[in-house]
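Undergrad: Input: one structure, supplied below.
The values are calculated or read from the model by the stated rules, or taken from the named source; none is laboratory data. Model, not experiment: these values are computed from the prediction. Positions of Cβ are backbone-derived with ideal geometry, glycine not excepted, and every protein chain shown enters the neighbour counts.
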Amino acid sequence: MAEAKIIAPQLQQGAAILSTQRLCKEYSMGEITVHALKDVDFELRKGEMTVLLGASGSGKSTLLNIVGGLDRASSGQVLYGDEDLSLFDDKALTNYRRHHVGFVFQFYNLISSLTARENVALVTDIAPDPMLPDEALELVGLQDRMNHFPSQLSGGEQQRVAIARAIAKRPSILLCDEPTGALDAETGKLVLSVLDQVNCETQTTTAIITHNAAIGALGDVVVRMSSGEIAERIVNSTRANVDDIEW
Amino acid sequence: MSSLNMKLLRELWKLKGQILSIALVVAAGIMSIITMRGAYDSLVIAQQEYYRESRFADLWVSVVRAPQSLRATLEGLQGVDAVDTRVTFLATLDLDDSNVPAHGRFISVPAMERPILNDLRLTRGRYISSDGVDEVIINENFALARGFNPGDKVRAVMNGRARDLNIVGIANSPEHTYAVPPGSLYPEDDRYGVFWASRRMLGPVFNMDGAFNEAFLTLTPDANADAVIESIDDVLRPYGGLGAYPRADQPSHLILQAELDQNRITGAIVPFIFLGVAIFLLYLVLGRMISTQRGEIAVLKAFGYTDWEVGRHFLMYALVAVLLGGFVGTGGGLLLGDAYVGVYGQYFKLPGLEYQPSPQLLLLAFSSCMVGALSGAIAAVRRAVLLPPAEAMRPEAPARFKPGLLERLGFGKLLGATGQMILRNVERKPIQGFLSSLGIALSVAILTIGFFMFDSVNFMMDLQFRKIQREDVALVFNEVQPESVRYDLAGLSGVSRVETQRVMPARLRFGHREDEVVIQGMEQQGELRRIINSAGMETPVPTSGAILSRTLAEQLGAGTGDELIVEFLEGKRNTEVVTISGLVDDFLGMSVYMSKESLWALNGESGIASGAFLAVDESAIDDLNQQLKQIPAIAGVASPSRMLQAFQDQLTEGILIAAGFLIGFASIVSIGVVYNAARISLSERGRELASLRVMGFHRNEVAVLLLGEQAFIALAAIPLGWLIGYGMTYALTGALQNDIYRIPFVAEPRTYLLSAVLILCTAVASGLLVRKKLNQIDIVEVLKTKE
């Protein structure tokens, strides 16, 4: 599938930008078949922050991987606007990730041989309408650390570079897998406040995966997963302030 | 099975590509030792055994005509063990199917009893009988080339009379292990044969009844060869002795020995290259494996495994690779050695020649590769052994990067993020990068050396056959002819130009040094034969004095302007003085050039020619050959174009075989280096590369990042390889210099290009192999795991 064919959906605030229907994922582990996802109907809405909660093995990472175009479902549909990701070939999935999705990982995954600015530039170089790397780093409060290599940055700083790198391409969707998992509480909060701020200022649809229930208060929507199914979907009337949550 | 061994087995399987590539490099090392050294040993053994069995002579001497009674005088000389004499002549052969003149070297042997020296070894048929006057034995290569069998007849024109000869046997002789017709450098087996016949038949034909024109002898163990040569020359001088010469100057032995020397030298150099690369690869691969297994090492040590047990575990990886390589290399070496010696057998007729490497050699090859390769492994394993358990528990410190030299110079902006990553990765581990580059450079060097050799030989042949020997036909006369023979020759079919030459064997003396040479008296305004130096430039034939090859002048310790004493070994055998009027850098032989006129003036002759060069119209060449066959005074007809053809036929086959081996060996080395370095880089940076894939980088873009570093290293290796190849070739051409030729040092641009292109191809091929692995990276896992 050609790159030009994936068009970011033009939607009103609150309309579903991505949705799944009867999504199933099965792995076979030797003779046992693991049902990681069972008929999951899920959606991400334009501009909203969704927090996916669940214990280890609940299927939240599998869901995020499929939604992010890293993995394929066994059955069911993943609709991004009018496009069905489950029909995409490998190259089309790469283009989807390249132009439409930003990722933040638990362990930052920065390129150790590149400075903060260059790590961001790595993404802006291949995006059609990116921010300037400096602009993205300013957004996460790292304007003074732009020329440092990852080995010269603290964990929190590294994660903020990773966020800057993820948002610099102006993605339609920002997916964060345990973004605070490797950080202490204080630094974790700082990172969350950056994600919160980015979501508010850029209106980027954001999904955060975490096993930390306290973080749920930050989202517009909280989806709780258990044994490969959506156990609960809660819409918060107001989003909490990062400083007010405790863990 | 212990769990540690289980770990070993599983990881060996995982690392099979890398283990295999290291094993191949080790195999190539062992193979090169077993093949080259084994072939050398086999050739030397066959040569010595053959010489011993056939009672190969120590000295030879030719005379114009000496009475048979002189044999006893020679036997009585101090230091002489056994003496034999014979009659030998060149004769034209009349072969039905050939317009091209063919020649036979006729050599007398005793009827019934075998020669006491230089005995023949019959391969088929029988020895000549006492009453069989027209019986001959012919040499094996000529028989094979012409399809002659015992019982066949062959017609020869001997001393002007055609004679049908019965072939009774096919044989080889130590004097003709490499049979080259007079005036040529390469065998022309279909046109030149060696014929052994009884003295009773050859003596009368050539007016040599009761006389001989060649004697050969062996020395007692305590003899002084130089003193014996001197006394022989004294005895034979009145009979036209042409100067005795030792075995070292015997043409067939000389060429065989030069070939053996070359083998010995290359056989000593090549294995070192492979061994060096194997050591480096084992160090690289094991070192990296140990870094990634710090945690495991810590756990093993924490649980009470001793340093020795941990060290042994990691050494086992190396041992498996080296043993695998050892067995493959030994098996391959034995097969290859057999083929290698088989090729020699086609050119050198050594009857006992068989590839038989000694068990000691196999053991030596195996153990030297083993020790070499394991020494690389031990250096890496030492790090694991010395790692304190507590430190090993902690993750390895994160890689530190800083802007490299190029960036500090301001070139960073030009590179882009990809370029910067590649460059910084190289600059972070400069020693590893340099060693990788050196490994690849060695494979470039292997190819460069090989191709240089072909260039040199080609250059030399081009010079010899296109610039120096410009005649279409060269004639050698049976006996000297008056200069007026040129008018007779000019009247033959298609001849457009005739130049004659006078060739005189002589001994040159300068101070206490002396050398036997052949002085070439040339036409002063000659066009067919000229004096050409190694650069292809012409030096005019001097009006007076002589021009010497620089090598010869150096051996005599003389230079331009010095006066040499010339003792002619033919004609009036007078002794004169000649001035060196110049030196020439040439490749072939030990030449002395004079003008024909000044040579005549010096030796007291007038208007005498011993050979001629003809320029011939191409369409008339067959007619001319027919006419030449009818002229008894002509002993030899040579054609440079045919010599070049014979040479090129031989060379083309040789080049194809040698190039195949070179390319194969060089590929093993470069694939070993590039594949391993890229695989290690992939395992070190897998997480980083997978992150890029997650961020939407395409496979090709990620591959560029991974392989770009290897490409950079490979590109840097090429000039380095050229340099190493250049230096080694220079040393090698120096080492291979001998009396018959000096190998010119010529480097065609094509050689550089070809070696670079071939190595880049293997680098790309190894890159593609790793690229396949890159495609298998699990990009989901990267989100989960910490390094």
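Undergrad: Filter the stretch B:48-86 down to the residues that are under 18 Å from residue B:171 (Cβ atoms) and in contact (Cβ under 8 Å) with a residue 12 or more places away in the chain and list them by number. Steps first, please.
TA: Looking only at the stretch B:48-86, we keep the residues that are under 18 Å from residue B:171 (Cβ atoms), and these are B:49-57, B:84, B:86.
Correct list: B:49, B:50, B:51, B:53, B:54, B:55, B:56, B:57, B:84, B:86.
Undergrad: Right, something else. What's the number of the only condition in (1) assigned to a helix (DSSP H, G or I); (2) away from chain A (no Cβ under 13 Å) that residue B:746 fails to meet?
TA: With respect to (1) assigned to a helix (DSSP H, G or I); (2) away from chain A (no Cβ under 13 Å), residue B:746 is out only on (1).
Undergrad: Further question on the same structure: If the Cβ limit is 8 Å and pairs must be 6+ apart or interchain, which residue in the stretch B:494-505 that is at pLDDT 90 or above pairs with which residue that is in a strand (DSSP E or B) and among the charged types (D, E, K, R)?
TA: These pairs meet every condition: B:499/B:529; B:501/B:529.
Undergrad: Any idea which residue in the stretch A:139-153 is farthest from the other protein chains (Cβ to nearest Cβ), counting only those that are in a loop (DSSP other than H, G, I, E, B) and under 21 Å from residue A:208 (Cβ atoms)?
TA: Step one: list which residues in the stretch A:139-153 are in a loop (DSSP other than H, G, I, E, B), which gives A:140-149, A:153.
Filter again for under 21 Å from residue A:208 (Cβ atoms), leaving A:140-142.
Working: A:140: 17, A:141: 22, A:142: 18 Å.
Checking each candidate, the answer is A:141.
Undergrad: Is it the case that some residue within the stretch B:43-58 is out of contact with any helix residue (DSSP H, G or I) (no Cβ under 8 Å at 6 or more places or on another chain), of a type in the set (S, T, N, Q), within 21 Å of residue B:346 (Cβ to Cβ) and modelled with pLDDT of 90 or more?
TA: The answer is yes, given that some residue of the stretch B:43-58 is out of contact with any helix residue (DSSP H, G or I) (no Cβ under 8 Å at 6 or more places or on another chain), of a type in the set (S, T, N, Q), within 21 Å of residue B:346 (Cβ to Cβ) and modelled with pLDDT of 90 or more.
Undergrad: From the list B:721, B:672, pick out the single residue that is away from chain A (no Cβ under 14 Å), surrounded by 24 or more Cβ atoms within 10 Å (Cβ to Cβ) and at pLDDT 85 or above.
TA: On the way: B:672 fails: at pLDDT 85 or above.
Sole residue among the options that is away from chain A (no Cβ under 14 Å), surrounded by 24 or more Cβ atoms within 10 Å (Cβ to Cβ) and at pLDDT 85 or above: B:721.
Undergrad: Out of B:337, B:295, B:325, B:331, report the one residue that is within 19 Å of residue B:383 (Cα to Cα) and either among the aliphatic types (A, V, I, L, M) or assigned by TED's automatic domain parsing to the domain that holds residue B:362 (or both). Can you show your working first?
TA: On the way: B:337 fails: within 19 Å of residue B:383 (Cα to Cα); B:325 fails: within 19 Å of residue B:383 (Cα to Cα); B:331 fails: within 19 Å of residue B:383 (Cα to Cα).
Going through B:337, B:295, B:325, B:331 in turn, just one is within 19 Å of residue B:383 (Cα to Cα) and either among the aliphatic types (A, V, I, L, M) or assigned by TED's automatic domain parsing to the domain that holds residue B:362 (or both): B:295.
Let's see how each residue does on (1) of a type outside the set (Lys, Arg); (2) under 14 Å from the mean Cα position of the chain (by Cα); (3) part of a loop (DSSP other than H, G, I, E, B); (4) within 12 Å of chain B (Cβ to nearest Cβ):
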site: A:14; (1), (2), (3), (4): yes, no, yes, no
site: A:23; (1), (2), (3), (4): yes, no, no, no
site: A:35; (1), (2), (3), (4): yes, no, no, no
site: A:50; (1), (2), (3), (4): yes, yes, no, no
site: A:91; (1), (2), (3), (4): no, no, no, yes
site: A:95; (1), (2), (3), (4): yes, no, no, yes
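Undergrad: Checking residue B:270 against (1) modelled with pLDDT under 80; (2) surrounded by 16 or more Cβ atoms within 10 Å (Cβ to Cβ); (3) hydrophobic (A, V, I, L, M, F, W, C); (4) more than 19 Å from the chain's Cα centre (by Cα), which test does it fail?
TA: Of (1) modelled with pLDDT under 80; (2) surrounded by 16 or more Cβ atoms within 10 Å (Cβ to Cβ); (3) hydrophobic (A, V, I, L, M, F, W, C); (4) more than 19 Å from the chain's Cα centre (by Cα), only one is false for residue B:270: (4).
Each row is one residue, and each column tells you yes or no for (1) hydrophobic (A, V, I, L, M, F, W, C); (2) out of contact with any Lys or Arg (no Cβ under 8 Å at 6 or more places or on another chain); (3) at pLDDT below 90.
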residue: B:104; (1), (2), (3): no, yes, yes
residue: B:114; (1), (2), (3): no, yes, yes
residue: B:120; (1), (2), (3): yes, no, no
residue: B:124; (1), (2), (3): no, yes, no
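Undergrad: Would you mention how many residues in the stretch B:427-436 are within 20 Å of residue B:728 (Cα to Cα) and surrounded by fewer than 23 Cβ atoms within 10 Å (Cβ to Cβ)? Step through it out loud before you land on a result.
TA: Narrowing the stretch B:427-436 to residues within 20 Å of residue B:728 (Cα to Cα): B:434-436.
If we keep only those that are surrounded by fewer than 23 Cβ atoms within 10 Å (Cβ to Cβ) as well, we get B:434-435.
Summing the residues that are within 20 Å of residue B:728 (Cα to Cα) and surrounded by fewer than 23 Cβ atoms within 10 Å (Cβ to Cβ) in the stretch B:427-436 gives 2.
Undergrad: From the list B:204, B:221, which one is within 27 Å of residue B:162 (Cα to Cα), without any contact (Cβ under 8 Å) to a residue 60 or more places away in the chain and either surrounded by fewer than 21 Cβ atoms within 10 Å (Cβ to Cβ) or of a type in the set (Gly, Ala, Ser) (or both)? Quick ask: steps written out before the conclusion?
TA: On the way: B:221 fails: within 27 Å of residue B:162 (Cα to Cα).
Going through B:204, B:221 in turn, just one is within 27 Å of residue B:162 (Cα to Cα), without any contact (Cβ under 8 Å) to a residue 60 or more places away in the chain and either surrounded by fewer than 21 Cβ atoms within 10 Å (Cβ to Cβ) or of a type in the set (Gly, Ala, Ser) (or both): B:204.
Undergrad: Scan the helices (runs of 4 or more DSSP H) fully inside the stretch B:541-653 and keep the ones with 1 or more residues being out of contact with any Lys or Arg (no Cβ under 6 Å at 6 or more places or on another chain), surrounded by 21 or more Cβ atoms within 10 Å (Cβ to Cβ) and without any contact (Cβ under 8 Å) to a residue 60 or more places away in the chain.
TA: Values: elements: B:550-556, B:596-603, B:621-629.
Fully inside the stretch B:541-653 and qualifying: B:550-556, B:596-603.
Undergrad: Restrict the check to the stretch B:432-440 and report whether at least one residue is farther than 30 Å from residue B:539 by Cα, at pLDDT 80 or above and within 14 Å of chain A (Cβ to nearest Cβ).
TA: Within the stretch B:432-440 (the criterion being farther than 30 Å from residue B:539 by Cα, at pLDDT 80 or above and within 14 Å of chain A (Cβ to nearest Cβ)), the answer is yes, since at least one residue qualifies.
Undergrad: While we're on this one: Pick out, from the stretch A:171-230, the strands (runs of 3 or more DSSP E) lying fully within it that include 1 or more residues that are of a type in the set (D, E, K, R) and surrounded by fewer than 22 Cβ atoms within 10 Å (Cβ to Cβ).
TA: Numbers: elements: A:173-177, A:205-210, A:221-226.
Passing ranges, in order: A:221-226.
Undergrad: Against the definition (touching a strand residue (DSSP E or B) at 6+ places or on another chain (Cβ under 8 Å), among the small types (Gly, Ala, Ser) and either crowded, with 21+ Cβ neighbours inside 10 Å or in a helix (DSSP H, G or I) (or both)), how does residue B:39 come out, yes or no?
TA: Answer is no for this residue.
Undergrad: Related question: From the set of residues in the stretch A:58-82 that are surrounded by fewer than 20 Cβ atoms within 10 Å (Cβ to Cβ) and in contact (Cβ under 8 Å) with a residue 60 or more places away in the chain, which is nearest to the other protein chains (Cβ to nearest Cβ)?
TA: Kept after step one, since they are surrounded by fewer than 20 Cβ atoms within 10 Å (Cβ to Cβ), are these residues of the stretch A:58-82: A:71-72, A:74-77, A:79, A:81-82.
Then drop every residue that is not in contact (Cβ under 8 Å) with a residue 60 or more places away in the chain, which leaves A:79, A:81-82.
On the way: A:79: 20, A:81: 17, A:82: 20 Å.
In this case the residue turns out to be A:81.
Undergrad: Would you mention how many residues in the stretch A:99-146 are touching a residue at least 60 places away in the same chain (Cβ under 8 Å) and more than 24 Å from residue A:192 (Cβ to Cβ)?
TA: Residues meeting the conditions: 1.
Undergrad: Name the one entry in B:311, B:376, B:326 that is at pLDDT 90 or above and part of a helix (DSSP H, G or I). Step through it out loud before you land on a result.
TA: Details: B:311 fails: at pLDDT 90 or above; B:376 fails: at pLDDT 90 or above.
From the options B:311, B:376, B:326, the qualifying one is B:326.
Residue-by-condition table, conditions (1) among the small types (Gly, Ala, Ser); (2) more than 12 Å from chain B (Cβ to nearest Cβ):
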site	(1), (2)
A:119	no, no
A:126	no, no
A:134	no, yes
A:137	no, yes
A:161	no, yes
A:164	yes, yes
A:172	yes, yes
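Undergrad: Further question: Output the residue which, of all residues in the stretch A:95-117 that are of a type in the set (S, T, N, Q) and at pLDDT 85 or above, is farthest from residue A:208 (Cα to Cα). Spell out the reasoning first.
TA: Narrowing the stretch A:95-117 to residues of a type in the set (S, T, N, Q): A:95, A:106, A:109, A:112-113, A:115.
Next cut, at pLDDT 85 or above only: A:95, A:115.
Details: A:95: 22, A:115: 26 Å.
The residue in question is A:115.
Undergrad: Only one of these conditions is not met by residue B:681: (1) free of Cβ contacts under 8 Å to residues at least 60 places away in the same chain; (2) of a type in the set (Ser, Thr, Tyr); (3) within 14 Å of chain A (Cβ to nearest Cβ). Which number is it?
TA: (1)
Undergrad: Also, I was wondering about something else. Can residue A:112 be described as of a type outside the set (Lys, Arg) and facing another protein chain (nearest Cβ under 10 Å)?
TA: On the way: of a type outside the set (Lys, Arg): yes; facing another protein chain (nearest Cβ under 10 Å): yes.
Criteria met by residue A:112.
Undergrad: From (1) within 30 Å of residue B:566 (Cβ to Cβ); (2) out of contact with any strand residue (DSSP E or B) (no Cβ under 6 Å at 6 or more places or on another chain); (3) among the aromatic types (Phe, Trp, Tyr), pick out the condition that doesn't hold for residue B:216.
TA: (2)
Undergrad: Could you tell me whether any residue of the stretch A:107-119 is in a strand (DSSP E or B) and crowded, with 22+ Cβ neighbours inside 10 Å? It would help to see each step written out before you state the result.
TA: Going residue by residue through the stretch A:107-119, those that are in a strand (DSSP E or B) are none.
No, the stretch A:107-119 contains no residue that is in a strand (DSSP E or B) and crowded, with 22+ Cβ neighbours inside 10 Å.
Undergrad: Residue B:297 is checked against (1) crowded, with 21+ Cβ neighbours inside 10 Å; (2) within 30 Å of residue B:67 (Cα to Cα); (3) β-branched (Val, Ile, Thr) and fails just one. What number does that condition carry?
TA: Among (1) crowded, with 21+ Cβ neighbours inside 10 Å; (2) within 30 Å of residue B:67 (Cα to Cα); (3) β-branched (Val, Ile, Thr), the lone unmet condition for residue B:297 is (2).
Undergrad: Could you check residue A:87 against (1) aliphatic (A, V, I, L, M); (2) under 21 Å from residue A:207 (Cβ atoms); (3) more than 7 Å from chain B (Cβ to nearest Cβ) and say which number it fails?
TA: (2)
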